[in-house]
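Contents: one structure, followed by commentary.
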Number of protein chains: 2
Amino acid sequence: MSGTATIDFWFEFASTYSYPAAMRIGALAQASGVQVRWRPFLLGPIFKAQGWDNSPFNIYPVKGRYMWRDLERICAALDLPFTQPVPFPQNTVLAARVALIALAQPWGKSFCQAVYRAEFGSGRNIGEPTAIADVLTGLGQDAQAVLQRAQMDGNKNALRVQTEEAQRLGIFGAPSFFTTDGELFWGNDRLEAALAWAKR
Amino acid sequence: MSGTATIDFWFEFASTYSYPAAMRIGALAQASGVQVRWRPFLLGPIFKAQGWDNSPFNIYPVKGRYMWRDLERICAALDLPFTQPVPFPQNTVLAARVALIALAQPWGKSFCQAVYRAEFGSGRNIGEPTAIADVLTGLGQDAQAVLQRAQMDGNKNALRVQTEEAQRLGIFGAPSFFTTDGELFWGNDRLEAALAWAKR
């Protein structure tokens with residue numbers, strides 16, 4: 001294949017391990033010479049199809065307790081601030097809709113990282129529109145204008161379509177990485193392997 | 001703490017990711033100067049407590065399909081032979097009982113690795129006593145004598161006690177690594193982090 005190797009980074013703002021992945025992927029992809037397409041989606045409908053109406057970390061508390069400790073260790077190793085958000089999982093529909101708008105702009109990745117930092121770094125409830133507005137304002141954007149565009153039918157539908165695409169690709173969790181030749185890698189701990197595959 | 005750093009390696013013979021972990025841990029632990037205690041246990045009773053009567057990879061087929069491909073890639077990268085075993089998961093009670101006996105002997109780790117190789121490398125059904133007997137014979141052991149000792153009440157009970165200990169430690173999957181200061185790490189992809197923690 002000619003041209004730059006590309007990888008799709010599928011993330012969900014409620015996903016705990018998507019936080020370190022979103023913080024790590026930029027520098028690692030650049031070092032590997034891989035281009036990244038950021039693809040926000042919603043896990044809710046995908047979990048529902050598996051019979052879950054909640055995060056599996058809440059449904060299986062033993063696994064949940066482990067995950068929080070594991071995430072805390074990972075953040076400490078990366079020097080990332082960490083706070084367990086309440087409630088968990090958060091309502092991420094608005095954040096994902098805004099991300100779709102934002103990622104068409106130069107400040108899109110910064111928006112996504114700032115949302116993760118607010119949620120898992122500072123423990124803010126990003127389900128509240130004011131939290132998203134604060135992130136937008138912090139990036140020098142007109143928060144009300146962006147929020148309004150995010151809530152228009154066309155954009156709502158675009159997020160639905162993107163979530164359906166994730167499901168069609170066999171994505172069942174986040175973060176997930178999808179290569180142009182159809183390889184799926186799941187989890188922050190598979191980021192390096194996914195980039196290496198994309199460069200083969 | 002004085003003395004050699006130690007880590008407990010909790011594994012289940014039916015566990016797919018325990019296969020690469022069992023093959024990797026020896027060299028990595030030696031390079032880190034960490035001693036490893038091999039602790040076979042059964043996931044069945046632990047899964048039952050979470051409401052599962054089967055492998056989650058069978059209960060959630062989308063996740064299962066991903067896992068088999070992921071494991072295939074991991075084995076290829078490690079130059080490990082790989083065959084998807086049928087049936088899956090296998091009945092591992094006998095293998096785990098024999099492992100308890102074997103790990104008190106110098107050939108214990110070799111036995112465990114040979115069982116994994118038979119199962120995930122050659123696709124043998126290790127639920128069949130003949131498969132375990134063949135592994136024992138291949139190691140120069142008196143298969144019938146070992147199998148007989150493995151099926152004695154005291155040994156059966158020892159495996160039960162060990163499985164209960166795993167559950168008490170908060171172990172919910174395999175492979176798991178447990179440090180002497182009480183840190184749990186889950187998954188083949190956490191082996192390096194667990195060894196690094198043990199050496200802190």
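Each peptide in B:182-195, A:159-172 receives the mean, over its residues, of other Cβ atoms within 10 Å, and ordering these scores from highest gives B:182-195, A:159-172. Among the chymotrypsin sites (Phe, Trp or Tyr not before Pro) in the stretch B:63-117, those located in a DSSP loop and surrounded by at most 14 other Cβ atoms within 10 Å of their own Cβ are B:Trp107. Here the Gaussian network model covers chain A, with springs between Cα atoms less than 10 Å apart; of A:Asp53, A:Asp70, A:Asp153, A:Asp153 fluctuates the most. Loop-located trypsin sites (Lys or Arg not before Pro) in the stretch A:20-56 (DSSP state not H, G, I, E or B) with no more than 12 neighbouring Cβ atoms inside 10 Å do not occur. Remark: C-alpha extents of the protein assembly as shown on the principal axes read 78, 48, 39 Å, sorted largest to smallest.
Normalising the average separation of contacting C-alpha pairs (under 8 angstrom, six or more residues apart) by the number of residues puts the relative contact order of chain B at 32 percent.
Legend: distances between Cα atoms for B:Lys63/B:Lys199; A:Lys109/B:Lys48; B:Lys48/B:Lys156; A:Lys48/B:Lys199; pairs beyond 31 Å are B:Lys63/B:Lys199; A:Lys109/B:Lys48; A:Lys48/B:Lys199. Using only alpha-carbon positions in the stretch A:1-149, the gyration tensor eigenvalues give semi-axes of 24, 20, 16 Å once each is multiplied by 5 and square-rooted (largest first). Summarising the strand pairing of the protein assembly as shown, around 50 percent of its internal DSSP beta bridges are antiparallel. Assuming a viscosity of 1.306 mPa s and a temperature of 10 °C, what translational diffusion coefficient in µm² per second does Stokes-Einstein assign to the stretch A:55-112, Rh being the Kirkwood radius over Cα pairs? The Stokes-Einstein estimate is 118 µm²/s. Counted over the stretch A:5-199, the DSSP beta bridges are approximately 50% antiparallel.
The numbers here are math on the coordinates, done by the rules we state, and not lab data. Just so it is clear, the model here is predicted, and its values are computed rather than measured. Don't worry about glycine lacking a Cβ; one is built from the backbone with ideal geometry, like all the others, and counts go over all protein chains shown.
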